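The values are calculated or read from the model by the stated rules, or taken from the named source; none is laboratory data. This is a predicted model, so every value here is computed, not measured. Glycine gets a Cβ as well: all are built from the backbone with ideal geometry, and neighbour counts include every protein chain shown.
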Amino acid sequence: MQKSFRSGYVSLIGKPNVGKSTLLNLFLGQKISIVTEKPQTTRNRILGIKTLEDAQILFIDTPGIHRPKHMLGEAMVRTATNTLNEIDLIVFVTEAELPAMPDKEIIGLLKNFNKPVILAINKIDKAKKSELLTIIDEYGKLFPFKEIVPLSARKQDGTDELLGSIMKYLPEGPKFYPDEQITDQIERFMAAEIIREKIMEKTSEEIPHSVAVEIVDWKQREDGLVSISTNIYVEREGQKGIIIGGKGKMLKLIGSLSRVDIERMLGTKVFLEIRVKVRKGWRDDKKALSEMGYF
């Protein structure tokens, strides 16, 4: 007897920097979502497609749920919560710590949705076993999770168990995407995200969250080379100076690292042109946010 095929949308939600994007990239075997040590890295809804022999899991990586300080933050939280209406299963990702107020607020949000929820307790390599049992018990008192799965995405410990748990709660359904497709994001978006990731990795303090990347022009020549022109927007002149760096060294480094990853993604040579521009207060400017695709 042939096994039934299962498919469905699975939302990865949680506080910023708990490992949602790391999990997504691990499940797909390829990086499609920015991963850095800095919180609030993911700004958009990103779909990751994992196709198995008897199932297709459509993962939705969302921005971390937090208390927003500007219109960009509000748009990010709205993106995260809006996905909960569209999905079949929620995976609430948290860290191996006792539930704090932000976690409890997210659990309060989950109670508004009649969806099965799996709790994925990430970073268990940083907790003692005795502590982990207490953490599991405390979370179990707060919400009727279908399953609680301890894991370490960084060490790939417990991730197969999480995947197996997800499979149990997927409805029967068709294959929505071809086997080889792993995301619905277009190459322009992915290129902009790669550049933003390099900025976040190489700069500090307030710079990463004050940055937006816009693809201005994208042309493919007859010899296969792709020419990409981009703008990096910051909010203040001082931030522009930091990204450019002394004698342009920082910008050259960001451009060089970005080009390597974009070439790997596209499978062809890339000419990358980057300009840095000041757009004051863009995170609280509805017109700017709309132009950048956050509204």
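The table below gives the values:
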quantity	calculated
Test result for GLU86, surrounded by fewer than 18 Cβ atoms within 10 Å (Cβ to Cβ) and either modelled with pLDDT under 90 or not assigned by TED's automatic domain parsing to the domain that holds ILE135 (or both)	yes
Members of region 121-134 that are assigned to a strand (DSSP E or B) and in contact with a Pro (Cβ under 8 Å, 6 or more places away or on another chain)	ILE121
Residue in region 125-141 that is over 18 Å from the mean Cα position of the chain (by Cα), hydroxyl-bearing (Ser, Thr, Tyr) and buried (at least 17 other Cβ atoms within 10 Å of the Cβ) present	yes
Hits in region 112-161 - residues which are touching a Phe, Trp or Tyr at 6+ places or on another chain (Cβ under 8 Å) and among the β-branched types (Val, Ile, Thr)	VAL117, ILE118, ILE121, ILE148, THR159
Hey, VAL117 without any contact (Cβ under 8 Å) to a residue 24 or more places away in the chain, under 21 Å from the mean Cα position of the chain (by Cα) and surrounded by 12 or more Cβ atoms within 10 Å (Cβ to Cβ) or not	no
Residues of region 142-173 classified as of a type in the set (D, E, K, R), surrounded by 12 or more Cβ atoms within 10 Å (Cβ to Cβ) and over 22 Å from the mean Cα position of the chain (by Cα), total	3
Odd one out for SER165, checked against (1) closer than 16 Å to LEU47 by Cβ; (2) hydroxyl-bearing (Ser, Thr, Tyr); (3) modelled with pLDDT of 90 or more	(1)
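Residues are listed down the side, and each one gets a yes or a no for (1) farther than 16 Å from LEU47 by Cα; (2) touching a residue at least 12 places away in the same chain (Cβ under 8 Å); (3) not in a strand (DSSP E or B):
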{"residue": "ILE90", "(1), (2), (3)": "no, yes, no"}
{"residue": "LYS104", "(1), (2), (3)": "yes, yes, yes"}
{"residue": "PHE113", "(1), (2), (3)": "yes, yes, yes"}
{"residue": "ILE136", "(1), (2), (3)": "yes, yes, yes"}
{"residue": "GLY140", "(1), (2), (3)": "yes, no, yes"}
{"residue": "PHE145", "(1), (2), (3)": "yes, yes, yes"}
{"residue": "ASP160", "(1), (2), (3)": "yes, no, yes"}
